[in-house]
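J.: Take this structure first; my questions come after.
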Amino acid sequence: MTKRTIELAAGDAALIGGARITLVEKSGKRARIVIEAPSTVQIQHPISNPSAHECASSPQTGKEQSHGKYPV
């Protein structure tokens, strides 16, 4: 699998395999994008990257995280 990094400003777009990806807005660590693609293109959302909420200690996940010396 090839990995590419591109930088977009709000309003900029990139064409990826027949799909047009447009960055609508960016705020902090979040970005809002619009994907225009043929209906035959499968789009999976989200591809897991644990968020701060998912990393926190949770009885459902059994994860135990700490921030400094105090549990989260």
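Bear in mind that the values in this text are calculations on the coordinates, not laboratory data. Since this is a predicted model, take the numbers as computed values, not measurements. Reconstructed Cβ throughout: ideal geometry from the backbone, glycine too, with neighbour counts over all protein chains shown.
J.: Quick one: which of 2-10, 32-40, 14-22 comes out on top by average Cβ neighbours within 10 Å, and what's the full order, highest first?
T.: Numbers: 2-10: 7.3, 32-40: 10.1, 14-22: 12.1.
Descending mean neighbour count gives 14-22, 32-40, 2-10.
J.: Also: At 7 Å along Cα-to-Cβ for each site, give me the label-to-label distance between ILE47 and ARG4 in nm.
T.: Simple spin-label model gives 1.4 nm for this pair.
J.: Quick one: which residues, 5+ away or cross-chain, put their amide H under 5 Å from the amide H of LEU8? H built at 1.01 Å from N.
T.: none
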